[in-house]
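Below is one structure, written out as structure tokens; the observations come after it.
The values are calculated or read from the model by the stated rules, or taken from the named source; none is laboratory data. Source: prediction; values computed, not measured. No Cβ is skipped: glycine too gets one built from the backbone with ideal geometry, and neighbour counts run over all protein chains shown. Heads up: the accessible areas ignore ligands, DNA and RNA and are worked out on the full protein's heavy atoms, side chains in. Shrake-Rupley method; radii C 1.70, N 1.55, O 1.52, S 1.80 Å.
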Amino acid sequence: MVNACPRKPSWRPARSPLELSMPIDPKRKQPRPQPCRTDAMHPMRTFKPNLSHRFVAYLMVLSILPLLGLGFASFEIARSALQTDAGRYLTQLVRERQHLLDLQTEQIESLIANISSVEAIISALTTPYAAADNYTRLATQARIGYILNGYQNTSGLVSIDIFSADDTHYHVGDTLDVGNLRNPILTELREAAARSERPVHWAGIIDNVNGNSHKKKVISAAKAITAIDKATLQQVHIAVLIVNYDADHLYDQFNPGSDAGIRLSIVDGMGRLVYDADRSRIGTAADNALVDLLEGDGGQTIGNFNGAPHLVRFMRSQPSGWLVVGAVPLAVMKAQAAGIGKATALVGLACLVVVGLAALSYSRGVVDPIRRVTGQFQRLREGRNSLRTRLPAHGDDEIAELTRGLNAFLDGLEERERAEKRQKLLIDELNHRVKNTLAIVQAMAMQTFQYSNSLDDFQKGFIERLMALSKTHNLLTRNVWQDVNLHDVVLLELAPHGGARKDRFSVDGDDVSVSPKAAVTLGLAFHELATNAAKYGALSVPSGKVAVTWERKKSADRRLCLEWREMEGPPVETPRRQGFGSLLIECGLARELDGTVHLDFRRQGVRCVMELPLDRISTS
């Protein structure tokens, strides 16, 4: 690998000859001198209304503003009336659902009161029996089960459970399998019922105590059953009665049907949804934004939840303490009043169109043409005008004649500027190309002379390199000094050494275009490789062959890997000293194209591997 290169000779110009061979960029030019601007030349501009502005303002004051005021007032009146009607209807609907909920909860409380007052159940719960007395235990369970079974005809009832203080379980319900009890829920219900100040503790919608029940989520009500302790004459808790109600049955009772836009919900004491229009949300926590609005036993407010403002009406059911909530989006009410707003907007838009057309016609015919002409002259005077800009001229009146005269004046100025640019570009291009070519020829002559053993050797080497440079310049000239195909550059340097045999060369690689600078550098490098092969390598014998390949490496730094490989030639010996060709290949590619070169004089044939960054060899 190349680690260092010889120092540049003192005669070499500071800029690389290969860089100097690049054509001048025609877009690069000296900045155009700008006239000195002072505050006196450019005072602060103030808005001055012209005839068009006054005409538009006059029409708007007379027609559009009164119409907009009337439309806005009508819209607000209609929206307020619709909101009042919606509030009345929502209040009536919530009151009806509250009354229905009261009936349902009172029915359950009546059922619980009847069961908890049955003397046979109280007696069975307070009469002790031995743990080994299976007959008494089974008889007690059968008697209490028979009593509870008589209450199962209540619509929507899921199960009735009695848990005594010694954890004896009496159950009737949708399943007889009670082997999977959720003890944490049972404990919570037992404690809450004991603490409750109400006759019945309404736990709300919770997981069923019986894990084997078909209803996983139920509405639970619990009551602590008490009795008088004969020893202490104090009331003691002897059992807890739990009644589970079907949430789906309550949903069928409360579903309002096709009330468009109205959302009804029942929220229990723990903030869970006992009922919601969306059945999948039953049993989940209510929206925090909704719960924050529900303070007190009832009221009406406007709040944001579910991402939209709603009119909210709520009432509290006294038996359970739950809230019946109704909400209707304000957007529904506004949509009903939107007809007035749309009609006002359409009429206002029509008036705007009429005013705009009148003002446009007036402005186009009188104001705009004069403003364009004066503005064009102003920009020309300040040096801000593009000479390619032309003003449209319509008709045959005086304004159209003035516009055509200005356009003819601009045509003359533009033609003069183009001629000056062309002349300067040609002179700069010629000067640049001559300097670049002379610098490259000078560098090649000095380096060839330095590494030549005789005058004949110098003459032959210099002419060959000069011809290689000439061929690359011809290729670039045919492409107007734009990017050229790498395949063409390689074949151009190999063609003189192939003779009539086309099989001596194998050139294969990706379709890569290289810049003029890279083409000159690579052309000289391949010329040196081909010349060395013709003198000492594979091309010096009839059987020798050369393969040139390249490919893009799949890496983050985007590099092109080129390989020159000689085959079936005479045995190769490593040269005793570095010649100008090796110097040009190794240092030229490293310095000019920021590449790396590995030149290997193998005995079976020279191999040269070049890795070049794609962003340095191609402009595309």
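Taking 22 Å as R0, compute the FRET efficiency from the Cβ-Cβ separation of ASN149 and GLU119 and round it to 0.05. It comes out at approximately 0.80.
Label zone (ASN306, point 7 Å along Cα-to-C-beta; backbone nitrogen cut-off 18 Å) within the range 214-256: 251-252, 254-256. Label positions at ILE228 and THR84, each projected 7 Å from the Cα along the C-beta direction, are separated by 6.2 nm.
Overall, the range 180-289 carries a charge dipole of about 300 debye about its Cα centre when +1 sits on the Cβ of Lys and Arg and -1 on the Cβ of Asp and Glu, all other atoms neutral.
Summing charges over all other residues whose Cβ lies under 13 Å from the Cβ of GLY173, with Lys and Arg as +1 and Asp and Glu as -1, gives -3. Projecting the Cα atoms of PHE526, SER618, PRO575 onto the dipole axis of the range 502-620, where Lys and Arg carry +1 and Asp and Glu carry -1 at the beta carbon, places PRO575 farthest toward the positive end. With no solvent and one equal point scatterer per Cα, compute the Debye intensity ratio I(q)/I(0) for the range 213-336 at 0.09, 0.17, 0.20 Å⁻¹ and report its log10, rounded to two decimals. Results for the range 213-336 at q = 0.09, 0.17, 0.20 Å⁻¹ read -0.35, -0.91, -1.15.
In terms of the mean number of neighbouring beta-carbon atoms within 10 Å, the peptides 226-236, 538-548 order highest first as 538-548, 226-236. Accessible area per residue (1.4 Å probe, heavy atoms of protein chains only) ranks ASP174, ASP396 as ASP396, ASP174, with the largest value leading.
Modelled label positions at THR574 and ASP252, each set 7 Å beyond Cα in the direction of Cβ, lie 9.8 nm from each other. Per residue, the range 502-620 exposes an accessible area of 46 Å² to a 1.4 Å probe, with every protein chain left in place. If the chain linking LYS421 and LEU491 were pulled fully straight, counting 0.36 nm for each residue of separation and taking away their Cα-Cα distance, it would gain 21.4 nm. Rounded to the nearest 20 debye, the dipole magnitude of the range 125-239 is 220 debye, with +1 charges on Lys and Arg beta carbons, -1 on Asp and Glu beta carbons, and the Cα centre as origin. A simple charge model with +1 on the Cβ of Lys and Arg, -1 on the Cβ of Asp and Glu and nothing else charged puts the dipole of the range 523-620 at about 140 debye relative to its Cα centre. Near LEU614: Cβ cut-off under 10 Å, other residues only, Lys/Arg at +1 and Asp/Glu at -1. The net charge is +3.
On the range 119-215, 51 percent of the accessible area sits on carbon and sulfur atoms, based on a 1.4 Å probe. Note on HIS201: accessible area approximately 50 square angstrom, rounded to 10, probe 1.4 Å, nucleic acids and ligands left out. Sort the range 127-276 into rounded, prolate or oblate with this rule: let a ≥ b ≥ c be the square roots of the eigenvalues of the Cα gyration tensor; rounded if a/c is under 1.5, and if a/c is not under 1.5, prolate when a/b is larger than b/c, oblate otherwise. Note, shape of the range 127-276 comes out prolate. For the range 147-196, the solvent-accessible area with a 1.4 angstrom probe is 51 square angstrom per residue.
May I ask which of LYS460/LYS554; LYS421/LYS460; LYS424/LYS517; LYS215/LYS334; LYS216/LYS334 have a Cα-Cα span longer than 31 Å here? Violating the 31 Å Cα-Cα cut-off are LYS460/LYS554; LYS421/LYS460; LYS215/LYS334; LYS216/LYS334. Taken as Cα centroids, the range 260-274 and the range 484-542 sit 85 Å apart, rounded to the nearest whole angstrom.
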